[in-house]
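Peer 1: Below is the structure I would like to discuss, written out as structure tokens.
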Amino acid sequence: MNYNWRRAFHQCPPQAVFYRQFPPVDTTELTESVHQFDFLLKQSQLLLNQLGNRPFAKRLMEAAQKSDNLTVQHMIQSVPGLTAVNDIKFSPTGIVFQLESPAINVGGNCCAMSIVLKWG
């Protein structure tokens, strides 16, 4: 029995290969976004260090429990060096901080960070 294995598989006709031209890559915007995000990482570390302080965390949670938005905002704004927190939302189960790059204030749109923490 002499079986021709080449006939067992379907042969596809050769496809024409089309080459697409791409513009040159410019990493300027990506590099700037990376630098801005590095700033947000440092800002988040300032925030998380302060939230790790038990007396501060207790006062923050008590204010949030009372829906005292003004006190919550004031407490976060009082963290030394923290400038990137744009928005704070909280509920009985947690808190969300939205950090934005300062470049957004001048029309840039490079990056933002959300920190979502559970507390109840």
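Values quoted throughout were computed directly from the atomic coordinates according to the rules given, and no laboratory measurement underlies them. Not measured: the values here are computed from a predicted model. Here the Cβ positions follow ideal geometry from the backbone for every residue, glycine too, while neighbour counts run over all protein chains shown.
Peer 1: So, in the stretch 31-56, of the ones that are within 12 Å of M113 (Cα to Cα) and of a type in the set (F, W, Y), which residue ends up surrounded by the fewest Cβ atoms within 10 Å (Cβ to Cβ)?
Peer 2: Once the filter is applied, the top-ranked residue is F37.
Peer 1: Among what's in the stretch 39-73 and is in contact with a helix residue (DSSP H, G or I) (Cβ under 8 Å, 6 or more places away or on another chain) and small (G, A, S), pick the residue that is nearest to T83 (Cα to Cα).
Peer 2: Here is the first cut: in the stretch 39-73, the residues in contact with a helix residue (DSSP H, G or I) (Cβ under 8 Å, 6 or more places away or on another chain) are 39, 47, 50-51, 56-57, 59-60, 63-64, 71-72.
With small (G, A, S) added as a condition, the list becomes 57, 63-64.
On the way: A57: 19, A63: 21, A64: 21 Å.
The qualifying residue nearest to T83 (Cα to Cα) is A57.
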